[in-house]
Amino acid sequence: MLSTWSFGAVANRAGGPLLMAGTGALDAAIAAAAAVENDPAVDSVGIGGLPDSSGRVSVDASVMLAPDRCGSVCAVRGYANPAAIARRVMDRTVHIMLAGDGAEQFAAAQGFTRHPTELLTPQAQSEFNRYLVGRAAAPAPSRLGILPPMNVEERYAEASSGKYPVAPAEPVSQTPASKEPMHDTVCILARDRAGVLAGVCTTSGLGFKLAGRVGDSPIIGHGLYVDAEIGGVSATGNGELIMSICGSFLATEFMRQGRTPAEALLAVLERIRAKHTIVDAHQVALIAVRADGQWASASLRPGFSHCITDDAGTRLEPSPNVMLR
Ligand code: SD4
């Protein structure tokens, strides 16, 4: 079982023993995901997730075994375990993805219980209050997910008002951000004793995202892709960077072409670097497990850890494959 960030240890502690005891890959991965989703101390997934810019928490998740066995939900409010709901979408519907109200109605019909506080913990509420103070004090539109005016009419109308200063892109610094806070997703790849590979990706999305914004995590091929014959990949970090190049699908295809998991992940990060202006706040990290069990993680910047559970035990380790050192 391979998972993302330091809170991957919460996942692996719950799911790893199941896997070792012979539980199937998907069941073990969903149990691992639920442990993180239900942990209010993790400010990025399920209960305790940071809210959007309107102050409400919404969650996204996907699960995948193979191109014909996948499911996801996005923009779901009030349900702590979107990974399990995504699995029901896979198992009980002819669809792959349900969004918003419809996903919530489906969850209720499937017997999931709505969380009494809509997942917002006092800690997340106080982070939100701090965010509001910061937003009022220093409006930096690009950091709030709102770009400066982009079209000609807006630029013309706003030019004299100074209302939307156009911030220059921040350069990549020599000392890249290496802290883990602000990271928001647990990705889990599990390979069971029978060699079945399963992936789960679950998140409350980027903290303080615009209401309605959906990232890579619930979209098959972006935050997660599994092709049983080749392997599986899952991604975390700035969803917009990952989505722009179909990150998890691309890495899987690189493995299909014969690259090792580490080579495939670094090639995806290279593609992101080539196609974007990378700023200090950007981070992307990926994990991969090939069908034969070979695995790797990689990240754009230092500060990313994976958690691995195998026959030698469970280890939380910094990823050795870092693109921008
Ligand atoms: C998103 N990729 O919603 C997620 C967030 C994340 O570390 O993984 N942050 O864009």
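Check residue 242 against each of (1) within 12 Å of the ligand (Cβ to nearest atom); (2) open to solvent by less than 30 Å² (accessible area, probe 1.4 Å); (3) part of a loop (DSSP other than H, G, I, E, B) and name the one condition it does not meet.
If we test residue 242 against (1) within 12 Å of the ligand (Cβ to nearest atom); (2) open to solvent by less than 30 Å² (accessible area, probe 1.4 Å); (3) part of a loop (DSSP other than H, G, I, E, B), just (3) comes out false.
Which ones in segment 192-233 are buried (at least 24 other Cβ atoms within 10 Å of the Cβ), of a type outside the set (Val, Ile, Thr) and more than 9 Å from the ligand (Cβ to nearest atom)?
Once the filter is applied, which keeps residues that are buried (at least 24 other Cβ atoms within 10 Å of the Cβ), of a type outside the set (Val, Ile, Thr) and more than 9 Å from the ligand (Cβ to nearest atom), segment 192-233 yields 197, 198, 199, 224, 225, 231, 232.
I'm trying to understand the selection: among the residues of segment 245-269, which are hydroxyl-bearing (Ser, Thr, Tyr) and more than 15 Å from the ligand (Cβ to nearest atom)? I'd like the intermediate steps shown before the answer.
Looking only at segment 245-269, we keep the residues that are hydroxyl-bearing (Ser, Thr, Tyr), and these are 248, 252, 260.
Within segment 245-269, 252, 260 qualify.
Mind checking which residues of segment 304-325 are open to solvent by 30 Å² or more (accessible area, probe 1.4 Å) and in contact with a Lys or Arg (Cβ under 8 Å, 6 or more places away or on another chain)?
Selection gives 314, 323.
Please indicate, with yes or no, whether at least one residue in segment 270-291 is without any contact (Cβ under 8 Å) to a residue 12 or more places away in the chain, open to solvent by 10 Å² or more (accessible area, probe 1.4 Å) and more than 14 Å from the ligand (Cβ to nearest atom).
Initially, segment 270-291 is screened for residues without any contact (Cβ under 8 Å) to a residue 12 or more places away in the chain, giving 274.
Checking the rest, the ones that are also open to solvent by 10 Å² or more (accessible area, probe 1.4 Å) come to 274.
Those still in the list that are more than 14 Å from the ligand (Cβ to nearest atom) too: 274.
Checked segment 270-291: at least one residue is without any contact (Cβ under 8 Å) to a residue 12 or more places away in the chain, open to solvent by 10 Å² or more (accessible area, probe 1.4 Å) and more than 14 Å from the ligand (Cβ to nearest atom).
Is there any pair linking a residue in segment 183-210 that is in contact (Cβ under 8 Å) with a residue 12 or more places away in the chain and on the phi > 0 side of the Ramachandran plot to one that is part of a loop (DSSP other than H, G, I, E, B) and crowded, with 24+ Cβ neighbours inside 10 Å, with Cβ under 6 Å and at least six apart or on different chains, and which?
Pairs that qualify, where the first residue is in contact (Cβ under 8 Å) with a residue 12 or more places away in the chain and on the phi > 0 side of the Ramachandran plot and the partner is part of a loop (DSSP other than H, G, I, E, B) and crowded, with 24+ Cβ neighbours inside 10 Å, are 205/215.
Could you please let me know if residue 85 is touching a helix residue (DSSP H, G or I) at 6+ places or on another chain (Cβ under 6 Å), open to solvent by less than 10 Å² (accessible area, probe 1.4 Å) and either within 16 Å of the ligand (Cβ to nearest atom) or aliphatic (A, V, I, L, M) (or both)?
yes
Conditions tested, residue by residue: (1) in contact with a Pro (Cβ under 9 Å, 6 or more places away or on another chain); (2) farther than 23 Å from residue 64 by Cα; (3) in a strand (DSSP E or B).
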{"site": "273", "(1), (2), (3)": "no, yes, no"}
{"site": "288", "(1), (2), (3)": "yes, no, yes"}
{"site": "293", "(1), (2), (3)": "no, no, no"}
{"site": "296", "(1), (2), (3)": "yes, no, yes"}
{"site": "315", "(1), (2), (3)": "no, yes, yes"}
{"site": "325", "(1), (2), (3)": "yes, yes, no"}
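Residues being outside any helix (DSSP H, G or I) and either open to solvent by less than 50 Å² (accessible area, probe 1.4 Å) or closer than 22 Å to residue 228 by Cα (or both): count how many of those fall in segment 11-56. Steps first, answer last, please.
Kept after step one, since they are outside any helix (DSSP H, G or I), are these residues of segment 11-56: 21-24, 38-56.
Cutting the leftovers down to either open to solvent by less than 50 Å² (accessible area, probe 1.4 Å) or closer than 22 Å to residue 228 by Cα (or both) gives us 21-24, 39, 42, 44-53, 55.
Adding up the residues that qualify gives 17.
Counting only residues that are open to solvent by less than 10 Å² (accessible area, probe 1.4 Å) and of a type in the set (Ser, Thr, Tyr), which one in segment 1-10 is farthest from the ligand (Cβ to nearest atom)?
So the first thing to find is which residues in segment 1-10 are open to solvent by less than 10 Å² (accessible area, probe 1.4 Å), and the list is 2-5, 8.
If we keep only those that are of a type in the set (Ser, Thr, Tyr) too, we end up with 3-4.
Details: 3: 12, 4: 8 Å.
Here the answer is 3.
The values are calculated or read from the model by the stated rules, or taken from the named source; none is laboratory data. Treat the numbers as computed from the prediction; the structure is a model and nothing was measured. Positions of Cβ are generated from backbone atoms using ideal geometry, with glycine treated the same way; all protein chains shown enter the neighbour counts. The protein model used for the area step is the full one, side chains on, heavy atoms only, and it has no ligands, DNA or RNA in it. Shrake-Rupley method; radii C 1.70, N 1.55, O 1.52, S 1.80 Å.
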